[in-house]
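One structure below.
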Amino acid sequence: MTPFLYPKSRHIRRETPRKHQRYQTFKKTLRTEFENQCVYCRLPDTLKGTETFGVDHYKPRKLFFELALDYENLFYACNCCNSRKGAFWPTQDELARGLFIPNPCDHVMFEHLKYVEAEVKTKSPAGGFCEDLLDLNDQDSVDYRKFVLGLLTASIKERDDFRKTLELIDARISVIETDTAQAQEHAQQRLVVEAELKNCLGRIRRLLGKPDDGSD
Ligand SMILES: [Zn+2]
């Protein structure tokens, strides 16, 4: 399991927000639309918080002012990718050479970029261009992704251990008489393990970029 995966098909927008006067107001809808992850580097916002994310204008406001509030031009991006992208727009020459930044609605991201564990590998000239411009493999980001993936592996092991412990407790409960001190002790123990399992599942969900609703 990893949150660091590029989509293998184009995203078709599902949300239909009403018109807003400020582009920032679209942020919440964009968060839902793009499932809490930066469209460029795939970082989930459940790790560092939504305040580290913002609204990206695919076609920059400075050059395409008329699209500043056009929902189709807006994407959900981490502040790092958003500021590195800035007001970039490819020149005619760059476009002719296939050098542009792919987005998940107009392009199949996986045809341009893919993750191998914590690192982004490029699969096309556009992917290489994007990786370079947005500095997708800067050392801090790679180190942070390694940390997330390590924590995810440890949490999954912990989840499996908690589940095994619960099975063992249930097996013991099934062979002892109810309403005894021993049965009560096991029931108590079960509650503790269950609570720990719930915490662990919440952590896994956050590491995968899913809101913590407590379900598996
Ligand atoms: Zn990003």
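All of the numbers you see were taken from the coordinates with simple rules; none came from a lab. Everything numeric here is computed off the predicted structure, so don't read it as measured data. Using ideal geometry, Cβ is built from the backbone for each residue, glycine included, and neighbour counts are taken over all protein chains shown.
Below, the figures for the structure above:
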{"read-out": "Potential lengthening between residue 68 and residue 10 on full extension [0.36 nm per residue; Cα-Cα distance subtracted]", "value": "18.6 nm"}
{"read-out": "The chain: DSSP helices with Cα axial extent of at least 27 Å and average Kyte-Doolittle hydropathy no lower than -0.5", "value": "139-175"}
{"read-out": "Rounded, prolate or oblate (a/c below 1.5 giving rounded, otherwise prolate when a/b exceeds b/c) for segment 23-137 by Cα gyration tensor", "value": "oblate"}
{"read-out": "Fewest-first sequence of 45, 93 by Cβ atoms within 10 Å of each Cβ", "value": "93, 45"}
{"read-out": "Too-long pairs where the Cα-Cα distance tops 28 Å, listed order kept, from 8/62; 27/210; 48/85; 48/198", "value": "8/62"}
{"read-out": "Max mean-square fluctuation residue, GNM over the chain, Cα-Cα springs under 10 Å, options 86, 127, 54", "value": "86"}
{"read-out": "Residue 1-residue 79 pseudo-label distance in nm [points 7 Å out on the Cα-to-Cβ vector]", "value": "2.9 nm"}
{"read-out": "Length gained when the stretch residue 96-residue 132 is fully extended (0.36 nm per residue, less Cα-Cα span)", "value": "11.1 nm"}
{"read-out": "Proxy reagent accessibility, fewest Cβ within 10 Å first, across 144, 71", "value": "144, 71"}
{"read-out": "Reciprocal mean inverse distance between Cα atoms of the chain - Kirkwood radius, Å", "value": "19.7 Å"}
{"read-out": "Projected label distance in nm at residue 117 and residue 151, using a 7 Å step from Cα toward the beta-carbon", "value": "1.9 nm"}
{"read-out": "Dipole of the chain, positive direction: furthest Cα of 168, 199, 11, with charges on the beta-carbon", "value": "11"}
{"read-out": "Neighbour cut-off at most 13 other Cβ (10 Å), DSSP loop, GluC sites (Glu not before Pro), segment 136-216", "value": "177"}
{"read-out": "Net charge dipole size for the chain [Lys, Arg +1 and Asp, Glu -1 on Cβ; Debye, nearest 20]", "value": "740 debye"}
{"read-out": "Cα→Cβ-extended label distance, 7 Å offset, between residue 106 and residue 168, nm", "value": "5.7 nm"}
{"read-out": "Highest-fluctuation residue, 26, 34, 162 considered, GNM on the chain with Cα pairs under 10 Å", "value": "162"}
{"read-out": "GNM flexibility winner over the chain from 156, 176, 204 (Cα, springs under 10 Å)", "value": "176"}
{"read-out": "Theoretical FRET efficiency, 1/(1+(r/R0)^6), r = Cβ-Cβ of residue 142 and residue 180, R0 41 Å, to 0.05", "value": "0.15"}
{"read-out": "Order of 109, 1 - criterion: other Cβ atoms within 10 Å of each residue's Cβ, fewest first", "value": "1, 109"}
